[in-house]
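Chemist: One structure, as structure tokens, below. Some questions next.
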Protein chains: 2
Amino acid sequence: MQKTKGVYQVNGENRDIDYKFVRGLEIYRTGKAFEDAGHEVYTIEKEEGVEIIGKKGRTLTINYRIDDVSLAHFDALLLPGGFSPDLLREDDRFVEFTKAFMDDKKTVFAICHGQQLLISAKSLAGREATGYKSIIVDLENAGAKFRDEEIVVCQNQLVTSRTPADMLAFNRVSLNLLGK
Amino acid sequence: MQKTKGVYQVNGENRDIDYKFVRGLEIYRTGKAFEDAGHEVYTIEKEEGVEIIGKKGRTLTINYRIDDVSLAHFDALLLPGGFSPDLLREDDRFVEFTKAFMDDKKTVFAICHGQQLLISAKSLAGREATGYKSIIVDLENAGAKFRDEEIVVCQNQLVTSRTPADMLAFNRVSLNLLGK
């Protein structure tokens with residue numbers, strides 16, 4: 001079963017920051033796990049074609065610009081952590097794109113700080129979720145039912161984890177949800 | 001009138017990040033404005049003596065470790081922005097220190113993302129505040145009355161601004177509040 005999926009990313013252009021703001025592990029390991037299972041994985045950012053160089057020299061090329069994608073193109077959305085989500089949610093387009101997946105009950109995976117995009121999309125009221133320690137207060141204030149567990153699956157649609165330490169469980173459960 | 005004041009900071013040790021996470025401008029310009037007005041300015045972090053090197057080569061040395069300070073040592077607290085506040089609020093000691101200032105109605109200045117520490121301290125319910133665009137949703141969810149203004153003064157005790165672009169007003173109003 002082939003699946004396509006958007007992976008949020010951030011580049012450093014015009015921001016005076018760099019790729020260190022993205023949790024490379026969450027992109028590479030999770031992305032690779034999905035590809036190994038036969039899914040198609042794409043990255044989305046403000047501009048397509050931009051190459052992001054990770055802290056350890058790994059590179060990642062942005063496949064699509066946010067203006068060119070729509071909900072219909074993808075089956076699932078992955079929101080990796082780091083400081084990328086906080087930078088992306090400054091831009092209403094990324095918040096709206098996240099909200100579209102949640103409103104349509106399409107599969108969404110979020111880890112660490114990725115859930116900040118769900119908070120900005122106002123999609124967490126009444127939903128069970130976990131997340132990185134520093135944003136627990138924000139998750140609870142957003143109406144989420146916070147659970148301090150490595151993996152939380154809500155309504156068979158939303159999968160959340162706390163940190164990269166949870167990533168094996170995150171990948172395993174996420175892949176199960178996609179039906180492999 | 002001499003005043004002392006704690007400035008939150010973050011260093012990169014054991015975090016695989018670096019000083020770029022701190023909004024240097026907010027530290028240096030605001031700190032200098034306060035010193036020029038005759039106030040004593042101190043920095044607080046996990047360890048004292050650590051030297052932080054800013055993006056443009058400016059350095060800042062941490063004066064006190066968080067375990068060695070208490071509310072009684074200071075008249076006011078400055079919470080600069082960047083990603084520093086989100087890193088600091090992972091550590092309950094910084095949240096408790098922030099909460100102590102707010103509970104005691106001591107003067108607190110926060111700019112950009114600095115308000116994330118106030119959210120974690122659960123000190124914003126019913127308070128008027130502004131902040132950086134990406135955290136507006138978190139401020140509102142925390143019960144703050146958000147105002148999209150360059151400077152918001154609440155109950156003559158809490159001063160907040162949105163971005164470094166508001167800094168001149170932030171410094172001017174903050175200094176007025178301290179009585180010069």
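Chemist: Filtering the range B:68-99 down to residues that are part of a strand (DSSP E or B) and touching a Leu at 6+ places or on another chain (Cβ under 8 Å), which residue is nearest to the other protein chains (Cβ to nearest Cβ)? Outline the logic, then answer.
Modeler: Going residue by residue through the range B:68-99, those that are part of a strand (DSSP E or B) are B:76-79, B:82.
So of that shortlist, the ones also touching a Leu at 6+ places or on another chain (Cβ under 8 Å) come out as B:76, B:79.
On the way: B:Ala76: 24, B:Leu79: 14 Å.
Across the range B:68-99, the extreme among qualifying residues is B:Leu79.
Chemist: Among the numbered criteria (1) assigned to a helix (DSSP H, G or I); (2) free of Cβ contacts under 8 Å to residues at least 12 places away in the same chain, which one does B:Met102 miss?
Modeler: Single failed check for B:Met102: (2).
Chemist: I'm trying to understand the selection: among the residues of the range B:119-172, which are open to solvent by less than 10 Å² (accessible area, probe 1.4 Å), part of a helix (DSSP H, G or I) and within 14 Å of chain A (Cβ to nearest Cβ)?
Modeler: Hits for the range B:119-172 are B:Ile119, B:Ser134, B:Ile135, B:Asp138, B:Leu139.
Chemist: If you check B:Arg127, B:Arg172, B:Arg162, which single one turns out to be more than 14 Å from the chain's Cα centre (by Cα) and modelled with pLDDT of 95 or more? Show your work before the answer.
Modeler: Working: B:Arg172 fails: modelled with pLDDT of 95 or more; B:Arg162 fails: more than 14 Å from the chain's Cα centre (by Cα).
Just one listed residue meets the conditions, B:Arg127.
Chemist: Spot the failing condition for A:Val137; the list is (1) of a type in the set (A, V, I, L, M); (2) more than 21 Å from B:Asp92 (Cα to Cα); (3) in contact with a Ser or Thr (Cβ under 7 Å, 6 or more places away or on another chain), and only one is missed.
Modeler: (2)
Chemist: Quick check: anything in the range B:67-76 more than 30 Å from B:Lys145 (Cα to Cα) and surrounded by 16 or more Cβ atoms within 10 Å (Cβ to Cβ)?
Modeler: Yes - at least one qualifying residue is present in the range B:67-76.
Chemist: While we're on this one: Of the residues A:Thr98, A:Thr61, which is within 26 Å of B:Phe83 (Cα to Cα), touching a strand residue (DSSP E or B) at 6+ places or on another chain (Cβ under 9 Å) and surrounded by fewer than 22 Cβ atoms within 10 Å (Cβ to Cβ)?
Modeler: Details: A:Thr98 fails: surrounded by fewer than 22 Cβ atoms within 10 Å (Cβ to Cβ).
The unique qualifying residue is A:Thr61.
Chemist: On to the next question. Restricting to the range A:105-118, and then to whatever is open to solvent by 10 Å² or more (accessible area, probe 1.4 Å) and assigned to a loop (DSSP other than H, G, I, E, B), can you tell me which residue is farthest from A:Met167 (Cα to Cα)?
Modeler: Among those that are open to solvent by 10 Å² or more (accessible area, probe 1.4 Å) and assigned to a loop (DSSP other than H, G, I, E, B), it is A:Lys105.
The values are calculated or read from the model by the stated rules, or taken from the named source; none is laboratory data. Given the structure is predicted, the values throughout are model-derived calculations rather than measurements. Please note: Cβ atoms are built from the backbone with ideal geometry, for glycine as well, and neighbour counts cover all protein chains shown. Areas reflect the complete protein model, heavy atoms only, side chains present, ligands, DNA and RNA absent. Shrake-Rupley method; radii C 1.70, N 1.55, O 1.52, S 1.80 Å.
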